[in-house]
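Enquirer: Can you keep this structure in mind? I'll have questions shortly.
The values are calculated or read from the model by the stated rules, or taken from the named source; none is laboratory data. If you're wondering where the values come from, they're calculated on a predicted model, not measured in any experiment. Ideal geometry is used to build each Cβ from the backbone, glycine not excepted, and the neighbour counts take in all protein chains shown.
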C-alpha cells in the first residue's frame, strides 16, 4: 500500500527536485531512493516499535507540521544524514530536498488516509487495503505456527 503511493509520487518528486535544486539525474534518483529506504525503515521499525502507540502519536502530533512532529524527528534526521553522506549533497541542499520531499509524501498520505479535519478516515484506509495480501500473510503465519506447534508436540 505505501509502496504504491510512493511510486505514484516518485516521478513528481524527482522532476521537482531536479528543477528546484539543480541536482543531476543520478543525485535525484539517489535522493528519492534514500527517501524510500528511510520511509520503509520508519514505518516498519521506528513507528511500529511501540505498537500502535507510534502511529497514534504521529497522528495526534499532526501531519500538517511535520517539521515539529516529535515522532518524525528520527526520520527527518536519517533522511538528512543519508542525503549528505550517501548522495553527497551539501547540508543546505540536503535540508531543502528533505523538507520538500517529506512534505510532498506526507501531503499525499493526508490526502489518501485522512478526512478534511485531519483525522484518520477509516473508509479511505479500508479502500486502500488489499485483503488478498492480508489473507496470504495470515495463511503464512498460521502455517508457521502449525510447524512450530508440531515441533513443540514432537511431531
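Enquirer: Do we find that residue 60 is out of contact with any strand residue (DSSP E or B) (no Cβ under 7 Å at 6 or more places or on another chain), farther than 21 Å from residue 19 by Cβ, assigned to a helix (DSSP H, G or I) and at pLDDT 60 or above in this structure? Please lay out each step first, then the result.
Expert: Values: out of contact with any strand residue (DSSP E or B) (no Cβ under 7 Å at 6 or more places or on another chain): yes; farther than 21 Å from residue 19 by Cβ: yes; assigned to a helix (DSSP H, G or I): yes; at pLDDT 60 or above: no.
No.
Enquirer: So, in the stretch 20-45, how many residues would count as being modelled with pLDDT under 90 and surrounded by fewer than 14 Cβ atoms within 10 Å (Cβ to Cβ)?
Expert: Of the residues in that region, 3 qualify.
Enquirer: Which of the residues belonging to the stretch 4-13 are surrounded by 11 or more Cβ atoms within 10 Å (Cβ to Cβ) and within 16 Å of residue 39 (Cα to Cα)? Walk me through it before giving the result.
Expert: We begin by selecting, within the stretch 4-13, every residue surrounded by 11 or more Cβ atoms within 10 Å (Cβ to Cβ); these are 5-6, 8-10, 12-13.
Within the stretch 4-13, 5, 6, 8, 9, 10, 13 qualify.
Enquirer: Kindly indicate the residue of the stretch 80-127 that is farther than 21 Å from residue 30 by Cα and in a loop (DSSP other than H, G, I, E, B) and also modelled with the lowest pLDDT among those meeting that condition.
Expert: Restricting to residues being farther than 21 Å from residue 30 by Cα and in a loop (DSSP other than H, G, I, E, B), the top hit is 121.
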